[in-house]
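Note sheet for the following structure.
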Amino acid sequence: MQPKRERRKTDPSVTTEMEKQLNPAQLESWRMMQTFGWQLRFVRRPLFQQPVAVIVNKAGELHAVIEEDGKVNDKPDFKIR
């Protein structure tokens, strides 16, 4: 029996697929945040709205979103569990 694979860790190929959903402003901000150890956790795709990237710090304690215009928002208007 194989041990269960940890699904919450970010696979590099999955990160690449998520990056493809970001616009140039979001991608530029994401690259900058990566240098500080932040990881791309997931990309929200609200109905009839642009994708929003959700990032987490290296320790996994802080979450933020990269808005459509590339601004990093550490107090988004939705709850991140």
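Readers should treat all values here as calculations from the given coordinates under stated rules, not as data from a laboratory. Everything numeric in this text was worked out from a predicted model, so none of it was measured. When we count neighbours, we look across all protein chains shown, and the Cβ atoms used for this are built from the backbone with ideal geometry, even at glycine.
Here are the numbers:
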{"read-out": "Amide H contacts of residue 23 (H built 1.01 Å from N, under 5 Å, at least 5 apart or other chain)", "value": "none"}
{"read-out": "Check: segment 30-81 dipole with +1 on Lys, Arg Cβ and -1 on Asp, Glu Cβ, in debye", "value": "220 debye"}
{"read-out": "In sequence order, calculated HN-Hα J values of segment 37-46 (Karplus, 6.51, -1.76, 1.60; Hz; x Gly/Pro)", "value": "x, 6, 10, 7, 8, 6, 10, 7, 10, x"}
{"read-out": "By average C-beta atoms within 10 angstrom, highest first, the peptides 46-58, 18-30", "value": "18-30, 46-58"}
